[in-house]
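Q: Dropping the structure in here first, questions after.
The values are calculated or read from the model by the stated rules, or taken from the named source; none is laboratory data. Note that this is a predicted model, so its numbers are computed, not measured. Backbone-built Cβ (ideal geometry, glycine too); neighbour counts: all protein chains shown.
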Amino acid sequence: MTGLQIASPGHAQRSGLAVQTKAGFGIGQIAGQLFRDAPSLLLLFYLTSILGIEPALAGAVIFIPKVLFGAGFDLTVGLVSDRYAARFARRRWLLVGAIAAPFAMLGAFTVPEGSQFLQLAWVFISFSFYMAVFSTFSVPYLAQFAEMTDSPAERTELMAWKHGFTGVGVLLGSAGTPVMIHILGGGRTAYIWSIGVIGLICSAALLIAWYSAGKIPDRKNTARPLEPRELLKVFSDRRFVILCLSAVIMTVAAGISYASFAFFVSFAMGRSDAFVQIGIISTIMAFVVMAGAPTWVYVAKWLGKKRTYIVAATCHGLVLICWGTYADSPIYFAYIMAGLLALFNSGWGLIILSMLSDAIARSREERGENRAGAYSAVWSIIEKAGIAAGGTLVVGGILSLTGFDTESAKQGIAQSADAIQGIVLAYAFIPGIAKIVTAGLIWIFMPDDDLMKPAPVEFVDED
C-alpha cells in the first residue's frame, strides 16, 4: 500500500487503478467497521450495565431486527442494486448511507427513561432503522470490489486497502469510543455524545468513498442480473457455499468475542480501568491490522490464498485460547495477545474477502450473470446475522446461565467465579475453537484453481 503496484510478469504494466483512488474507496470501510463494531462492542454492555436490562432480554431485542429485518434489507438492496446498476450506480448508495448514518447511530443509544417495555420497544424500532441504513451502503460497497478490475491479484490488493482501513475503524470505534466515554464520565450522556461523533465520522468516510468511486471508469457489464426468484442459484456455486459456511462460523465467533470483550476486560482480567484498557488494546490491534494488511498480500503471493487463510485462522484461534487461559496475567501479556490477534485477524479477513471477489468474478465469466449484489447481500446477511447471534443470543445466554449479576455490575461489585468462567468461555474458548474449525473447513473443501489462487505477480515501482 505504498508506491508499488501489482503487474503480470513479463508485462511490467501498472495497476489499472490509481493509488489515491484505491485509498479513497477503501476509506469507506471505516464506516462499515464502525457500524459493525459500535453495537457489537457497546450496545449489550450499555443496555445491561448502564440501563440495567436483563442480558437475555437485551440480547433478544437486538438479535431480532439485526437478523430478520437485516436479512430482508440486505437482499432487497443487493437485488435492486444489481437490477438498476446502469440507472442508479452502486456508488450512489454510499451517498444515501452517508446522509442517514448519524441518525441511525444515535437512535440505537438514545433510549428514553421509562418502563423496561418502553426501552425494549425503542431499541427494537431504532435498531431496525439502524440495520436498514447499514444495508444501504454495506452491500453495494462490497459488490463494487468485484467490478473494479479483472485481475485476482489486484482484487487482493484492493482488499488490502480495505482491510487496512478496517484498522482505522477499529482505532476510532473500539479504541477511541470507549476512551471518549470514559473521559465524559461513563454515563448515558457520555455514550450518546460519543456515538454521535462516530456517526459523523461514518458520514465523512462514506462521502470520501462515494467521491473516489466516481473516478473509476464505468465498466461495460452485459451480464444478466438475477431475478428475485432465482436467488437460490447463488448456492449452486460450490466455492461460494464453502465461503459462506466458513463465514457463518467466523462471524458467530466474532460476535461472541466482540460482545463479551468489555466483560472480559472488566471482570475476567479484573481491571477497574477497563474502558481505558479497552482503548489501549484496541489501539494496538488497529495499528497491527493497518501494518499487517500489506504483509499478507506478500504472504498470499508465495503460499496462495487458501494456505494463507488456513495459517492465519489457525493461529488466531490458538492465540485466543492462550489469552483466555491466562486472563489474569499482567497487562503487558494482554497487549502481546492483542497484537498477535490483530495480525492473524488481518490475514484471514483480507484473504476471505479476496476469495469472495474471485468467486463473484468467476460467476460472471462462466455463467454470464451479474451476481455481485446478490452474492454481497448473502454475505452481508451472514456477517450481520452471525455477529448478532453470537453477540446477543449466545453471549446473553451464557451470561445469564452462568449467573452474571446486572445489579452487581451496576454497583461495581465483583462477579461470581461461575460468571467469570462464562465470560472467559464466551470471549476466548468458543471463538478460538471456531477459528480452528473454519481453517479445517477451508483446507478440506475449498478447491484450488487459477481464480482462487493469486496470479503470479511482480512489483513495479510507480516512479
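Q: Looking only at segment 110-119, filter to residues that are assigned to a helix (DSSP H, G or I) and out of contact with any Pro (no Cβ under 9 Å at 6 or more places or on another chain); which one of those is surrounded by the fewest Cβ atoms within 10 Å (Cβ to Cβ)?
A: The qualifying residue surrounded by the fewest Cβ atoms within 10 Å (Cβ to Cβ) is F117.
Q: A100: surrounded by fewer than 20 Cβ atoms within 10 Å (Cβ to Cβ), of a type in the set (A, V, I, L, M), over 19 Å from the mean Cα position of the chain (by Cα) and part of a helix (DSSP H, G or I), yes or no?
A: no
Q: Pairs please, first residue from segment 8-25 and over 22 Å from K301 (Cβ atoms) and modelled with pLDDT of 75 or more, second anywhere and part of a helix (DSSP H, G or I) and not basic (K, R), Cβ atoms under 6 Å, 6+ apart in sequence or on different chains.
A: T21/S212; G24/I208; G24/S212; F25/A209; F25/S212; F25/A213
Q: Ok, one more. Test V133 against the criterion of being within 17 Å of the chain's Cα centre (by Cα), over 30 Å from D448 (Cα atoms), at pLDDT below 90 and in a helix (DSSP H, G or I), and give yes or no.
A: no
Q: Across segment 300-346, what is the total count of residues that are charged (D, E, K, R) and within 20 Å of I433 (Cα to Cα)?
A: Qualifying residue count, segment 300-346: 2.
Q: Working carefully through the options F287, F275, F267, F263, find the one that is assigned to a helix (DSSP H, G or I), touching a Phe, Trp or Tyr at 6+ places or on another chain (Cβ under 8 Å) and either under 18 Å from D448 (Cα atoms) or not acidic (D, E) (or both).
A: Numbers: F287 fails: touching a Phe, Trp or Tyr at 6+ places or on another chain (Cβ under 8 Å); F275 fails: touching a Phe, Trp or Tyr at 6+ places or on another chain (Cβ under 8 Å); F267 fails: touching a Phe, Trp or Tyr at 6+ places or on another chain (Cβ under 8 Å).
None of the other options fit; the residue is F263.
Q: Taking G292, is it in contact (Cβ under 8 Å) with a residue 40 or more places away in the chain, of a type outside the set (A, V, I, L, M, F, W, C) and touching a Leu at 6+ places or on another chain (Cβ under 6 Å)?
A: yes
Q: Keeping to segment 231-255, report how many residues are aliphatic (A, V, I, L, M) and over 13 Å from the mean Cα position of the chain (by Cα).
A: Final tally of qualifying residues: 8.
Q: For segment 223-263, what are the residues that are of a type in the set (V, I, T) and modelled with pLDDT of 85 or more?
A: V241, I242, V248, I249, T251, V252, I256
Q: Can you confirm whether segment 359-381 contains a residue that is touching a residue at least 60 places away in the same chain (Cβ under 8 Å), among the charged types (D, E, K, R), surrounded by 23 or more Cβ atoms within 10 Å (Cβ to Cβ) and part of a helix (DSSP H, G or I)?
A: Scanning segment 359-381, I find no residue that is touching a residue at least 60 places away in the same chain (Cβ under 8 Å), among the charged types (D, E, K, R), surrounded by 23 or more Cβ atoms within 10 Å (Cβ to Cβ) and part of a helix (DSSP H, G or I), so the answer is no.
Q: Can you name the residue in segment 75-110 that is closer than 19 Å to A209 by Cβ and of a type in the set (V, I, T) and is also modelled with the lowest pLDDT among such residues?
A: Top of the filtered list is V77.
Q: Hey, another quick one. For segment 138-156, give me each residue that is modelled with pLDDT under 80 and of a type outside the set (V, I, T). Can you show your working first?
A: Within segment 138-156, the subset modelled with pLDDT under 80 is 146-156.
Listed by number, the residues that qualify are A146, E147, M148, D150, S151, P152, A153, E154, R155.
Q: Would you mind listing the helices (runs of 4 or more DSSP H) fully within segment 389-438 where at least 1 residues are modelled with pLDDT of 90 or more?
A: Result: 417-424.
Q: Now for a different question. Go through segment 29-85 residue by residue and tally those that are within 22 Å of S257 (Cα to Cα), of a type outside the set (A, V, I, L, M) and in a helix (DSSP H, G or I).
A: Qualifying residue count for the region: 18.
Q: Consider segment 290-316. How many of its residues are among the small types (G, A, S), assigned to a helix (DSSP H, G or I) and surrounded by fewer than 24 Cβ atoms within 10 Å (Cβ to Cβ)?
A: 1
Q: Follow-up question, since we're still on this one. For segment 50-70, give me the residue count where each residue is among the small types (G, A, S) and either surrounded by fewer than 20 Cβ atoms within 10 Å (Cβ to Cβ) or in contact with a Cys (Cβ under 8 Å, 6 or more places away or on another chain) (or both).
A: 3
Q: Looking at Y130, is it crowded, with 21+ Cβ neighbours inside 10 Å, within 30 Å of T189 (Cβ to Cβ) and not basic (K, R)?
A: Details: crowded, with 21+ Cβ neighbours inside 10 Å: yes; within 30 Å of T189 (Cβ to Cβ): yes; not basic (K, R): yes.
Taking the combined requirement at face value, the residue satisfies it.
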